[in-house]
Structure formats: C-alpha cells, structure tokens
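Taking it in order: structure first as structure tokens, then the write-up.
Nothing in this text is a laboratory measurement; each read-out follows from the coordinates by a stated rule. Being a predicted model, the structure only gives us computed values, none of them experimental. Neighbour counts run over all protein chains shown; Cβ positions are idealised from the backbone, glycine included.
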C-alpha cells in the first residue's frame, strides 16, 4: 500500500483493536462514509429550491427553520468525486487508481446508453476483472486462495 504513510495514532489504535493498518483504515473510511453521506444535504444549490427534512420541495422564499439546500447537478458530482476519491484513497492508496478505468466506463455507459446500462456495465466490469487477474495473478484473490490451498 503506497500512498499516505501510517500516522502514529493509526498504529496505536489499530494495535489496540487488533486490526492491521489496512483493515483499520478501511473501517475508518467505511464509518466516515456515513458522515459524508449525511453532509450531502448541505451541498449548495444553484437551482433556487430548498428541501425540508421531510423531503418536500418548497420555493426559495419560504422560511422554514429545518430547510436544507437541494444540491445542484454540478455540486453533487463535484462533492461525490472529491469525497469518494478521498474515502477510497485513504485505505487503498495508489492501488485505487486501477478502478478509474471500469468506473469511468460504467459512468459513460450509464450516461449515454441508459437502456442497456446494466448488461453493458456488467460485461465491461467483469471483462476488466478477468483481464486484471490474468495480467497480474497475484492481485486476484481467487488465485491467491488456490495457490495457498493447492500444493502441486
């Protein structure tokens, strides 16, 4: 795992709970994703609408105390890209960059080929995973499992 070197507090806490640094970082990232998704409602809008805690849309001129801004399309995308990258880079380091190929292709399929999106996304992602396992067999957990349990 190259990327962010472990901090002392990570070493101490991971040793106290009995996890490796990678497992600890994954758990921290997983729990932070809940907070990040809660903060979604505060992404600013450019559309002039607001949403209440009950998710009913009102005009911008209403003055209800529990109203939150409805995210605009660009704001949602930027927020999702930045927070998503941070949440995946923290536990996986530079190893997360190989996920850019299938995620970019999946996004393009969902954007431009909506009726066939499920089938095409499945086909492209599984072909990518198979190619990844063939090109680098040590990254494939199935082959690692077979190598550890099968003695030739």
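Brief remarks follow.
- Shown is the FRET efficiency for residue 114 and residue 85, computed with R0 = 25 Å from the Cβ-Cβ distance and rounded to the nearest 0.05: 0.50.
- In this label model, residue 132 and residue 73 are separated by 3.0 nm, measuring between points 7 Å along each Cα→Cβ vector.
- Treating r as the C-beta distance of residue 125 and residue 8 and R0 as 35 Å, the FRET efficiency rounds to 0.40.
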